[in-house]
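To start, the structure itself, in structure tokens.
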Amino acid sequence: MAHILLRHRDIPDIHKLEVYKKNGGFAAFQNAVTRMKPNEVTEVVKNSGLRGRGGAGFPTGMKWSFIDNKNWPHYVVANADESEPGTFKDREIMESNPFQFLEGVAIASYAVGANAAYVYLRGEFWQIAAFLDEKIAEMEAAGYLGKNLFGTDYSLKIYTHLGAGAYICGEETAMLESIEGKRGQPRVRPPFPPSYGLYGKPTIVNNVETLTNVPLILANGAEWYKSMGTADSAGVKIFSLSGRVRKPGNYELPFGTTFRELIYTYGGGVQDSRKVKAIMPAGASSSLILVDDEKVLDTPMDYASVRTLGADLGSASVIVIDDTVSMDWLINKTVHFFRHESCGKCTPCREGTYWMSHLTERIHEGRATRADVDLLLNVAKQMQGKCLCALGEFSTMAVVTGIERFRQDFDKVVKA
Amino acid sequence: MSLAEKYPKEVKQILAKYPPEHKRSAVMPLLYLAQREEGYITKAAMQDIARMLDISETDVASIVGFYTLYHDKKEGKYRMQVCTDLPCALRGADEFLDNLCANLGIKVGETTPDGVITLEAVMCLAACDKAPVFQTQGPDGIKYHENMTVDKTMELIEALRKSSA
């Protein structure tokens with residue numbers, strides 16, 4: 001099947017404006033601005049079943065419909081902060097199919113009445129930001145961005161804004177704070193960005209992959225999009241496959257593809273032909289799926305099916321763990337990541353990740369007792385439901401599921 | 001010399017990105033500009049930016065302290081930042097970093113005696129399929145180096161040393 005998002009794999013040079021145009025580029029945006037009302041655009045996206053690809057899976061069209069039309073101006077912010085260990089999909093889109101992403105930003109902006117959009121890239125994407133700046137300038141020169149587009153009274157500017165190394169800025173309200181020139185610390189929600197966002201104005205924040213779906217949904221219709229994937233998870237998804245597989249990489253596949261197909265058909269199987277011991281379907285934030293039965297690998301990857309395994313599909317950053325890996329080592333890694341990235345604003349996360357890291361270190365280094373493992377589980381569970389944003393919650397997922405589903409790994413390393 | 005005198009064109013471009021009543025938004029790009037030449041941000045540069053944006057020096061310092069890509073101390077000309085997070089570690093990142101340390105004769109966080117390389121371990125760089133991976137942060141911005149080996153890295157370091165001599 002031809003790619004819908006990673007189209008550069010089928011169409012060489014699609015990063016060039018002429019090539020993108022020749023392949024239908026900007027027609028959906030032009031058609032929307034000249035022939036459709038903003039709410040009609042939102043309606044198509046709503047009917048397509050598109051859900052947010054950043055991890056939360058919130059219905060995109062519904063989010064757009066929440067924009068507060070009593071308060072102006074409006075903004076669109078594209079979340080290109082991609083920082084979850086295990087995900088590297090947005091990067092490939094922006095590097096290789098940049099116009100489709102930018103057209104998605106433009107269509108979203110038109111749909112919610114924004115005349116300015118910001119693309120927030122993690123600071124490490126310095127070169128990608130410079131590349132997008134060039135592409136934005138090309139669109140301006142060709143009349144796809146700027147004032148009075150296509151002879152209408154609609155105007156749009158897109159700007160890039162670089163972060164500077166903070167995972168938390170991928171959380172939408174922390175991202176808005178960061179664009180405002182503050183420390184990237186999440187806001188208390190509600191109010192949510194569609195009513196109180198950038199500079200206190202109604203704002204829609206969408207992930208890069210989400211927005212990149214939009215031009216083709218508008219071009220081909222909601223029914224076309226819904227014909228792919230499953231009933232609750234429409235369309236295609238880029239699965240970032242990493243860990244102990246032979247061929248890690250991005251694979252664009254319909255929702256409902258099984259773990260087995262991803263790992264064995266596309267990923268070439270497990271390194272050294274070992275057995276899959278666990279899967280983290282949503283990067284380091286993920287619960288650990290126990291693969292004690294081969295049948296687990298036949299689970300379709302869609303939001304609802306993955307939930308039956310006690311995990312969330314999230315951003316579909318599939319990390320494969322083989323039977324050489326011990327979970328005490330693994331959670332020590334993930335907890336140190338979250339401890340480093342905790343923004344410090346709320347106590348449960350700031351202190352919880354700190355104390356968890358002491359415990360995971362002690363356990364991994366063989367200095368702990370069984371009681372320390374119980375204490376770690378207790379600290380993690382105490383944190384759950386009490387943190388200001390999802391980061392704190394995420395930090396506990398691998399800890400709790402690691403201990404509950406792989407207790408034998410911990411029994412092996414603790415002192416009697 | 002102030003940033004506006006030194007980089008008039010860049011400062012103007014940066015300020016134009018944000019609504020004039022929200023010029024504080026320019027603090028992050030201005031900090032990158034201030035860091036460009038020396039690899040760190042001086043107290044004088046923070047004062048300069050604070051004045052330009054009508055915010056306090058403490059506000060600027062809190063941004064520098066919060067984000068890991070801003071530095072307030074002089075280190076090596078290039079910061080070599082190796083990702084050792086879970087997906088990279090599953091593909092040998094920890095061993096790669098250990099071997100690199102042994103080859104360079106320095107520990108993580110230290111700088112080579114010639115002042116060219118500071119070696120650091122960092123969090124995820126969104127290149128999990130291309131581990132071992134690191135970025136170099138230097139006067140010419142941030143660059144990715146993917147699917148690296150210690151040999152390839154030592155060659156790169158030699159080239160950076162030559163260009164710095």
The number of residues in the range A:14-33 that are buried (at least 21 other Cβ atoms within 10 Å of the Cβ) and in contact with a Pro (Cβ under 6 Å, 6 or more places away or on another chain) is 1
For the structure I just gave you, tell me whether A:Arg189 is surrounded by fewer than 24 Cβ atoms within 10 Å (Cβ to Cβ), at pLDDT below 95 and either of a type in the set (Ser, Thr, Tyr) or part of a loop (DSSP other than H, G, I, E, B) (or both). yes
Tell me whether the range B:12-20 contains one or more residues that are assigned to a loop (DSSP other than H, G, I, E, B), within 23 Å of B:Ala121 (Cβ to Cβ) and not assigned by TED's automatic domain parsing to the domain that holds B:Gly141. no
Is it true that some residue in the range A:333-347 is surrounded by fewer than 24 Cβ atoms within 10 Å (Cβ to Cβ), in the same structural domain as A:Lys381 (by TED's automatic domain parsing), free of Cβ contacts under 8 Å to residues at least 60 places away in the same chain and closer than 26 Å to A:Phe58 by Cα? yes
If you check B:Arg36 against the conditions, is it within 12 Å of another protein chain (Cβ to nearest Cβ), touching a residue at least 60 places away in the same chain (Cβ under 8 Å) and not small (Gly, Ala, Ser)? yes
Provide a single number: the residues in the range A:103-122 that are surrounded by fewer than 23 Cβ atoms within 10 Å (Cβ to Cβ) and either of a type in the set (Gly, Ala, Ser) or closer than 28 Å to B:Ala126 by Cβ (or both). 2
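Matching residues to (1) outside the structural domain of A:Asn71 (by TED's automatic domain parsing); (2) touching a residue at least 60 places away in the same chain (Cβ under 8 Å); (3) closer than 21 Å to A:Val45 by Cα:
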{"site": "A:Pro194", "(1), (2), (3)": "no, yes, yes"}
{"site": "A:Asn206", "(1), (2), (3)": "no, yes, yes"}
{"site": "A:Asn250", "(1), (2), (3)": "yes, yes, no"}
{"site": "A:Phe259", "(1), (2), (3)": "yes, no, no"}
{"site": "A:Tyr266", "(1), (2), (3)": "yes, no, no"}
{"site": "A:Ser273", "(1), (2), (3)": "yes, no, no"}
Please enumerate the residues belonging to the range B:141-155 that are within 19 Å of the chain's Cα centre (by Cα), without any contact (Cβ under 8 Å) to a residue 12 or more places away in the chain and either farther than 30 Å from A:Lys247 by Cβ or assigned to a helix (DSSP H, G or I) (or both). B:Gly141
Within the range B:112-140, considering residues that are part of a loop (DSSP other than H, G, I, E, B) and without any contact (Cβ under 8 Å) to a residue 24 or more places away in the chain, the one farthest from the other protein chains (Cβ to nearest Cβ): B:Pro113
Out of everything in the range B:55-106 that is hydroxyl-bearing (Ser, Thr, Tyr) and without any contact (Cβ under 8 Å) to a residue 40 or more places away in the chain, what residue ends up being nearest to the other protein chains (Cβ to nearest Cβ)? B:Tyr67
Subset of the range A:204-248 that is within 14 Å of chain B (Cβ to nearest Cβ) and surrounded by fewer than 18 Cβ atoms within 10 Å (Cβ to Cβ) - its residue that is farthest from the chain's Cα centre (by Cα): A:Arg246
Go through the range B:99-112 and give me each residue that's surrounded by fewer than 21 Cβ atoms within 10 Å (Cβ to Cβ) and either closer than 19 Å to B:Glu155 by Cβ or at pLDDT below 95 (or both). B:Asn99, B:Cys101, B:Ala102, B:Asn103, B:Leu104, B:Gly105, B:Ile106, B:Thr112
Could you check the range B:127-154 and list, in sequence order, the residues that are within 25 Å of B:Tyr40 (Cβ to Cβ) and not charged (D, E, K, R)? B:Val133, B:Phe134, B:Gln135, B:Thr136, B:Gln137, B:Gly138, B:Pro139, B:Gly141, B:Ile142, B:Tyr144, B:His145, B:Thr153
So, of the residues in the range A:41-83 that are of a type in the set (A, V, I, L, M, F, W, C) and either surrounded by fewer than 19 Cβ atoms within 10 Å (Cβ to Cβ) or within 14 Å of chain B (Cβ to nearest Cβ) (or both), which turns out to be nearest to B:Arg91 (Cα to Cα)? A:Ala80
Could you tell me how many of the residues in the range B:39-54 are in contact (Cβ under 8 Å) with a residue 40 or more places away in the chain and either within 11 Å of chain A (Cβ to nearest Cβ) or part of a loop (DSSP other than H, G, I, E, B) (or both)? 2
Condition met for A:Leu198 (over 20 Å from A:Arg53 (Cα atoms), crowded, with 19+ Cβ neighbours inside 10 Å, at pLDDT 95 or above and aliphatic (A, V, I, L, M)): yes
Looking only at the range A:222-239, decide whether some residue is in contact with a helix residue (DSSP H, G or I) (Cβ under 9 Å, 6 or more places away or on another chain), more than 30 Å from A:Glu40 (Cα to Cα) and not in a loop (DSSP other than H, G, I, E, B). yes
Before we move on, is A:Ala130 within 10 Å of chain B (Cβ to nearest Cβ), surrounded by fewer than 23 Cβ atoms within 10 Å (Cβ to Cβ), within 23 Å of B:Gln135 (Cβ to Cβ) and more than 20 Å from the chain's Cα centre (by Cα)? yes
For residues that are without any contact (Cβ under 8 Å) to a residue 12 or more places away in the chain and not in a helix (DSSP H, G or I), tally how many sit in the range A:2-55. 7
Restricting to helices (runs of 4 or more DSSP H) lying wholly in the range A:74-174: which have 3 or more residues that are closer than 24 Å to A:Ala316 by Cα? A:89-96, A:98-112
Going through the range A:84-105 in order, the residues found to be within 19 Å of A:Ala130 (Cα to Cα), touching a helix residue (DSSP H, G or I) at 6+ places or on another chain (Cβ under 7 Å) and either within 14 Å of chain B (Cβ to nearest Cβ) or aliphatic (A, V, I, L, M) (or both) are A:Phe88, A:Lys89, A:Asp90, A:Arg91, A:Ile93, A:Met94, A:Glu95, A:Leu102, A:Val105
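The values are calculated or read from the model by the stated rules, or taken from the named source; none is laboratory data. The structure displayed is predicted, hence computed values, not measured ones. So basically every Cβ, Gly included, is an ideal-geometry build from the backbone, and we count neighbours across all protein chains shown.
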